[in-house]
Amino acid sequence: MRVLVLGGTGGTGQETVRLLVASPEVDAVIVAGRSQSRAEQVAAALGDKASGRAVDITHEDQLAEVASCADMLVNAAGPDFEMQVPALKAAIAAGVNYADVAGDGRATDKALAWQRRPGRGCHGAARGRCR
């Protein structure tokens, strides 16, 4: 499985990436952050399973394109109240599974409300059931 970790250069993201790289179920981890050099630095410290990629989460088309290279998008980017909905939209657009480490219930409620709007093709994407 290939996993894209948004916010992979931050504190929570780095721990998430470290755990994913250690998992035998994960073949590759894309460490995504605002800075290409920082993403590459974090990835290099983790070995051959990890690679770095600069991603601007506010550019939905770019984010969906990057997400389409993975099987799963894990969102560790913050602040979660600003980043959760764009990350979820990208996962849905790319047709990949989604997980979020956010702890803000209001941000999660907002993301789920967006995802449940009429016309959304998949319900349950935030729980990783959308393909």
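Laboratory data are not the source of any read-out in this text; all were calculated from the coordinates shown. This structure is a prediction, so every number in the text was calculated from the model and none was measured.
So how much slack lies between residue 113 and residue 65, counting 0.36 nm per residue of separation and subtracting their Cα-Cα distance, in nm?
Length difference between fully extended and current span is 14.9 nm.
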How far is the Cα center of the range 1-40 from the Cα center of the range 59-99, in Å? 13
